[in-house]
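Here's the structure we're looking at; comments come further down.
Derivation of every value follows stated rules applied to the coordinates shown; laboratory data play no part. The structure presented is a predicted model; accordingly, all values stated were derived computationally and were not measured. Counting neighbours? That spans all protein chains shown, and the Cβs are built from the backbone with ideal geometry, glycine included.
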Amino acid sequence: MASDNKSITRLITGSILGFTVLFCLLWGGLPLFFITLLFVIFATKEYVVILKHKGFYPSLKVILVADAFFALLAYLNRFNLLSFAVTLCSISAFIWVLFKGRQPYIANVATTILGFIYGGLFPLYLIFLRDIGSTPTYDYLIKSTGDCIGKGFVLLIFFSVLITDTGCYYFGTKLGKHKLAPVISPNKTIEGSIGGTLCAIAMSLFIGHLIELPIYHCIIAGILVALFAQIGDLCESLIKRDAGVKDSGNILPGHGGFLDRTDSYVFTLPVLYYYFQYVVNNAETIHAIKTFFEGLM
């Protein structure tokens, strides 16, 4: 009975969360900005709590300020300022440890920088992805992007990651025999990983057909999604296992914390952004690749 109640709670929470995120992805603009920032803030807090279990004390204030800075740049579509922002925030992390840190340890600098990159910058690539192919317009900073190819790209990633997780679980449960990463996540199997990858490719082909993305791009995107979604999942498991915690939090009934729900997207978003922006959406890059391979023939 308790198991049934837990499953129902998990389903309700997942449905509400999924449809809310989907709405924001389709709408873009302020709704997407606020829900992404909300996820980042809660995930950042969970990250800091986890690291304290290891005796590290990253600065929550520095990370949150950095997250807000990155979020503003993403909202304004100022990708060209990201390297400046990372540099400034990294220097700030060192200064904080020098003068304000609870312990003047280099580990606290490192975990602070990791915090605003892993939990802040990488997830915020979602906003950059949504704006691919658009020229945002502003009316008192209220952004309007309209229809753009970025909308199709984020939908492809959103559903492909979901089906990857489902496929890994299903095929791992039914066919799993060989452990994928026994020390980090003993329940994950190679068979489940392969099944999840095939599901991701199938979903990518389906969504790609709807947005008129060439088949070879769909297949590559599906493989990239499956690969980095699983790597992201394993990396979050690594952080939790090293800190000796089971879940990143308990704010989402039946799902744990925000890091637990977004770990598969953390690496997937920046990788797919670069692929869609500089390969799929760049005729010069495609021409250069074709010329390169033609020269090898």
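Here are a few things to note about the model shown:
- When each of LYS151/LYS246; LYS52/LYS100; LYS179/LYS240; LYS54/LYS177; LYS52/LYS246 is checked by Cα-Cα distance, pairs over 25 Å: LYS151/LYS246; LYS54/LYS177
- Among the chymotrypsin sites (Phe, Trp or Tyr not before Pro) within segment 26-109, those in coil by DSSP and having at most 16 neighbouring Cβ atoms inside 10 Å are TYR105.
- Segment 154-255: relative contact order in percent, alpha carbon pairs under 8 Å with at least 6 residues between: 27
- Amide hydrogen proximity for LYS188: with H placed 1.01 Å from N in the peptide plane, the residues at 5 or more positions away or on another chain lying under 5 Å are LEU180, ALA181.
- Ordering LEU72, PRO58, ALA85 by Cα displacement along the dipole of segment 40-121 toward the positive end leaves PRO58 in first place; charges were set at the Cβ atoms of Lys, Arg (+1) and Asp, Glu (-1).
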